[in-house]
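Accompanying notes for the structure given below.
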Amino acid sequence: MRVFVTGGAGFIGSHTLVQLMRKGADVLSYDNYCNSSPEALSRVKRLAQSDLAIVEGDICDPGALERAMGDFKPDAVIHFAGLKAVGESAEKPLTYYKNNIAGSIALLEVMNKIGCSKIVFSSSATVYDPDKPFPFTEDTPLKAASTYGRTKHFIEDIIRDWSAATPGSSAAVLRYFNPVGAHASGDIGEDPVGIPNNLLPYISRVAQGSLKELQVFGDCYDTADGTGARDYIHVEDLAGAHLAALEYIAGAKGCETFNIGTGTATTVLAMIRAFEAATEQSVPYRITGPRAGDVSTTVANPSKAEQVLGWKAEHDIEAMCRSVWNWQVRNPNGYRTPE
Ligand code: NAD
Ligand code: WQD
């Protein structure tokens, strides 16, 4: 199978590439490296022990997309490329709408031109209305609370409409919950620029000593210990969900949506304890007020993915923590660490 992967050098893209290549797929990574490093792709090749096609390009550049896709002639596309910082999306809404939505439209147009009608799209649990009861099923009403989340909601609708209008098309929209972890080798992982926004990368910088302490954003939520609870999913499991989705769309028609999570919520304090136990490092923390825009709990009902895709998450929180720490120790400065 020939798979065109946008955003292949990113956190989730790189882990998915390794699994795809190990399964023998012919893969092309199309990325402009606005939030990643080409070094990730060198490591992907080494881990997969095989080669991949690499094109540096922007999804908002239809000419470059058409050249890359026209030459490669993919059977399917996995569309990871997008900007993903919730806070930044409030400051730069037009940048987010243009990059994520206009870029996705350009991608679908080029797919139409070259005759490729199968796509797996990276959506997010942030599309759900956080006030609805959890666990969220795919039918839980949507109401994104951020500009970033709205870009995902709009792209989902665009893909659904495109699919309805495109005979023979097939799309899988994957709503990821909280992706964390790293490849077991410690050679690829999440490499946020500057101070991390997300919990596990922050915890691991505190354990490393480059950040002083973790601020725990609120302890008055309606959860087991009062701190926010999330459905963390290991990036290796998430990568596997893309392989299952590709297999599914190869034989399906229309557009289907799937929650990709574990079905289990972990609080911030439980995550700190799990990280300390798994790594034997200490994580100093201080409870502060809640972070603006945060919700108490998000957790998936992932049973549709299990029933329809035959996919289920396997890694537990301990494995997530251990792999993050292994990546951090081996790459104290992420992909900027000399090997
Ligand atoms: P990432 O930033 O590590 O990867 C995204 C990749 O897309 C990067 O390599 C970036 O350089 C590339 N990119 C961005 N805009 C581009 C453009 N215009 N043209 C070409 N390449 C472009 O992020 P990730 O965590 O790997 O996320 C992948 C996808 O999954 C994103 O769409 C994100 O919104 C979505 N998602 C991520 C999470 C998460 O917490 N990591 C959760 C839900 C959904
Ligand atoms: C998890 C928990 C925080 C940092 C975000 C995006 C979402 C999705 C995944 C893309 C919460 C608490 C965090 C810290 C803390 N990405 N926390 N101290 O907010 O669930 O989701 O990433 O689609 O769109 O919004 O993840 O890792 O930031 O926070 O106490 O320094 O950890 O309050 O309860 P979140 P997170």
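What about residue 159, is it touching a residue at least 60 places away in the same chain (Cβ under 8 Å) and touching a strand residue (DSSP E or B) at 6+ places or on another chain (Cβ under 9 Å)? So residue 159 fits the description; yes. Counted as qualifying within segment 1-77 are the helices (runs of 4 or more DSSP H) with 2 or more residues that are more than 23 Å from residue 331 (Cα to Cα) and touching a Leu at 6+ places or on another chain (Cβ under 9 Å), namely 11-22, 62-72. Of 172, 125, all but one fail to be surrounded by 15 or more Cβ atoms within 10 Å (Cβ to Cβ), more than 18 Å from residue 319 (Cα to Cα) and away from ligand 2 (no atom under 15 Å from the Cβ); the exception is 172. Look at segment 72-96: where a residue is more than 19 Å from residue 170 (Cβ to Cβ) and a partner is in a loop (DSSP other than H, G, I, E, B) and hydroxyl-bearing (Ser, Thr, Tyr), sitting 6+ places away or on another chain with Cβ atoms under 8 Å, you get 86/146; 89/146; 90/146. Close contacts from segment 200-227, counting a first residue that is within 16 Å of residue 288 (Cβ to Cβ) and more than 11 Å from ligand 2 (Cβ to nearest atom) and a second that is among the β-branched types (Val, Ile, Thr) and not in a helix (DSSP H, G or I), with Cβ to Cβ under 7 Å and a gap of 6+ residues or different chains, come to 225/267. Just one of (1) more than 8 Å from ligand 1 (Cβ to nearest atom); (2) touching a helix residue (DSSP H, G or I) at 6+ places or on another chain (Cβ under 6 Å) fails for residue 38. It is (2). Would you confirm, using the coordinates I've provided, whether residue 136 is touching a strand residue (DSSP E or B) at 6+ places or on another chain (Cβ under 8 Å) and within 18 Å of residue 163 (Cα to Cα)? So residue 136 fails the test.
Do we have residue 272 as under 23 Å from residue 136 (Cβ atoms), more than 15 Å from ligand 1 (Cβ to nearest atom) and at pLDDT 95 or above here?
On the way: under 23 Å from residue 136 (Cβ atoms): no; more than 15 Å from ligand 1 (Cβ to nearest atom): yes; at pLDDT 95 or above: yes.
Here the answer is no, as residue 272 does not meet what is asked.
Looking only at residues in segment 305-334 that are among the β-branched types (Val, Ile, Thr) and touching a Ser or Thr at 6+ places or on another chain (Cβ under 6 Å), which one is nearest to residue 189 (Cα to Cα)?
We begin by selecting, within segment 305-334, every residue among the β-branched types (Val, Ile, Thr); these are 308, 317, 324, 329.
Pick out the ones that are also touching a Ser or Thr at 6+ places or on another chain (Cβ under 6 Å) and you get 317, 324.
Working: 317: 16, 324: 7 Å.
Of everything passing the filter in segment 305-334, 324 is nearest to residue 189 (Cα to Cα).
Restricted to segment 234-339, the set of helices (runs of 4 or more DSSP H) holding at least 3 residues that are touching a Cys at 6+ places or on another chain (Cβ under 7 Å) comprises 268-279. Checked against (1) of a type in the set (A, V, I, L, M, F, W, C); (2) assigned to a helix (DSSP H, G or I); (3) more than 7 Å from ligand 1 (Cβ to nearest atom); (4) closer than 19 Å to residue 335 by Cα, residue 90 passes all but a single condition, namely (4). Mind checking whether some residue in segment 13-33 is farther than 23 Å from residue 172 by Cα and modelled with pLDDT of 95 or more? So far as segment 13-33 goes, yes, one or more of its residues are farther than 23 Å from residue 172 by Cα and modelled with pLDDT of 95 or more.
Identify the residue in segment 185-221 that is of a type in the set (A, V, I, L, M, F, W, C) and within 13 Å of ligand 1 (Cβ to nearest atom) and, among all such residues, is surrounded by the most Cβ atoms within 10 Å (Cβ to Cβ). I'd like the intermediate steps shown before the answer.
First, the residues of segment 185-221 that are of a type in the set (A, V, I, L, M, F, W, C): 188, 193, 195, 199-200, 203, 206-207, 211, 214, 216-217, 220.
This time we only want the ones that are within 13 Å of ligand 1 (Cβ to nearest atom), so: 188, 193, 199-200.
On the way: 188: 26, 193: 10, 199: 21, 200: 24.
Out of the qualifying residues, it is 188.
Note on segment 5-24: among residues that are closer than 16 Å to residue 49 by Cβ and without any contact (Cβ under 8 Å) to a residue 40 or more places away in the chain, the one that is surrounded by the fewest Cβ atoms within 10 Å (Cβ to Cβ) is 24.
No other residue among 105, 119 is assigned to a strand (DSSP E or B), in contact (Cβ under 8 Å) with a residue 24 or more places away in the chain and more than 9 Å from ligand 1 (Cβ to nearest atom) apart from 119.
When the residues of segment 59-71 are filtered to those that are of a type in the set (D, E, K, R) and free of Cβ contacts under 8 Å to residues at least 40 places away in the same chain, the one that is nearest to residue 104 (Cα to Cα) is 67. Filter segment 175-194 down to the residues that are among the polar types (S, T, N, Q) and within 11 Å of ligand 2 (Cβ to nearest atom) and list them by number. Across segment 175-194, the qualifying residue is only 178.
Applying the criterion of being within 18 Å of residue 174 (Cα to Cα) and of a type in the set (Asp, Glu) to the residues of segment 231-289, the residue that is farthest from ligand 2 (Cβ to nearest atom) is 247.
The values are calculated or read from the model by the stated rules, or taken from the named source; none is laboratory data. Keep in mind it's a predicted model, so treat the numbers as computed, not measured. Ideal geometry is used to build each Cβ from the backbone, glycine not excepted, and the neighbour counts take in all protein chains shown.
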